[in-house]
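Written out below as structure tokens is the structure these notes cover.
Please treat every number below as a calculation from the coordinates, not as lab data. Since the structure is predicted, the reported quantities are computational estimates derived from the model, not experimental observations.
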Amino acid sequence: MVQAHQFNGMVMLCSCDKIVPGMLMAVARLDLPTIFMTHDWWNYDTL
């Protein structure tokens, strides 16, 4: 989808440990400027 729409960059937000490797592989494959942010929603009360 990113290649089809010819985006200039990406912002990736993830909150689950299982999707982080997939997102990192997508960043490496697409070779686009990316802001990658992770957050653990299980520890939401510590914010």
Relative contact order in percent for the stretch 2-42 (Cα pairs under 8 Å, 6+ apart) equals 55
For the stretch 2-42, what Kirkwood radius comes out of the mean inverse Cα-Cα distance, in Å? 10.9
